[in-house]
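Structure first, commentary second.
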């Protein structure tokens, strides 16, 4: 029977044209075996589901050239735009009560929630065009460098679809399998998505209340500290400050240590704060930033200093524009 399944999968999932990704039928059959054995899925249903999966070379091309590989001076203009800033103000004004409730519930500022949604999908306008099942299957079965990670996410996706009563072949997302307005990976959906409007569903595709609550809960669960700063641009002197720059974002240096190694900190910081020093390749040369605990929390969404800085700077631009507009209102 297993040999017949392998043959059927090989015929059903060929995409055999030269240069096109082709799955290993044994990997697919092994994955189906695992889902049946460990999670009580129906074998025939999964065989039918995967017989209609399409693998995409464009997904493999995209994951090989992530935006985070760009220098900051090229990365920043992608996200710090008037369109995203003004779109953020509109989103905030439209959902002000829900954002305020999320802040009160989870302690996460409105501008951070809004900026995440703006960076990820421009407030839902660009939430992805690939079937999530196709994207995750492509990366699980045809991208060896990260196949283990995406195989896990494919498993989480099928569990999520079953839990939420969603047809797994119909949901759309990014080339990496991220879903909905906030671009949650399936594991994040299962752990952090919330039904914030109480309608009995967790809908991250078309329900802004659930999106807002889920982003806020994500940061809350990753230990956002209300009222603490995110990052400060700083001056440095001497050469010893370079001992602090190691690519790590988790704050571990005391303020005394930062000062002793040549970092000029702003006054009035809470004395318990620890930071990390990062260097960004800016338009006018190197930029030095001390990033604090809340910056590290942002990086749990996407483990990139560039991404986290884009979210932070967009959040500040949105906050300033929103406040300015509020003052102009009669």
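The values are calculated or read from the model by the stated rules, or taken from the named source; none is laboratory data. From a predicted model like this one, the values you see are computed outputs, not experimental measurements. No Cβ is skipped: glycine too gets one built from the backbone with ideal geometry, and neighbour counts run over all protein chains shown.
Observations on the model:
- Checking residue 174 against (1) over 20 Å from residue 59 (Cα atoms); (2) surrounded by 20 or more Cβ atoms within 10 Å (Cβ to Cβ), the condition it does not meet: (1)
- Residue that is surrounded by the most Cβ atoms within 10 Å (Cβ to Cβ) [pool: residues in segment 207-216 that are closer than 16 Å to residue 124 by Cβ and touching a residue at least 24 places away in the same chain (Cβ under 8 Å)]: 211
- Of the criteria (1) farther than 24 Å from residue 299 by Cβ; (2) modelled with pLDDT of 95 or more, which one residue 99 fails: (1)
- Among the residues of segment 128-144, the one identified as surrounded by fewer than 24 Cβ atoms within 10 Å (Cβ to Cβ), in contact with a helix residue (DSSP H, G or I) (Cβ under 9 Å, 6 or more places away or on another chain) and without any contact (Cβ under 8 Å) to a residue 60 or more places away in the chain is 128.
- Test set (1) in contact with a helix residue (DSSP H, G or I) (Cβ under 8 Å, 6 or more places away or on another chain); (2) over 20 Å from residue 80 (Cα atoms); (3) surrounded by 18 or more Cβ atoms within 10 Å (Cβ to Cβ) - residue 271 fails condition number: (3)
For (1) within 24 Å of the chain's Cα centre (by Cα); (2) within 29 Å of residue 216 (Cα to Cα), each residue gets a yes or a no:
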{"residue": "249", "(1), (2)": "yes, yes"}
{"residue": "274", "(1), (2)": "no, yes"}
{"residue": "278", "(1), (2)": "yes, yes"}
{"residue": "285", "(1), (2)": "no, no"}
{"residue": "301", "(1), (2)": "yes, yes"}
{"residue": "310", "(1), (2)": "yes, yes"}
{"residue": "319", "(1), (2)": "yes, yes"}
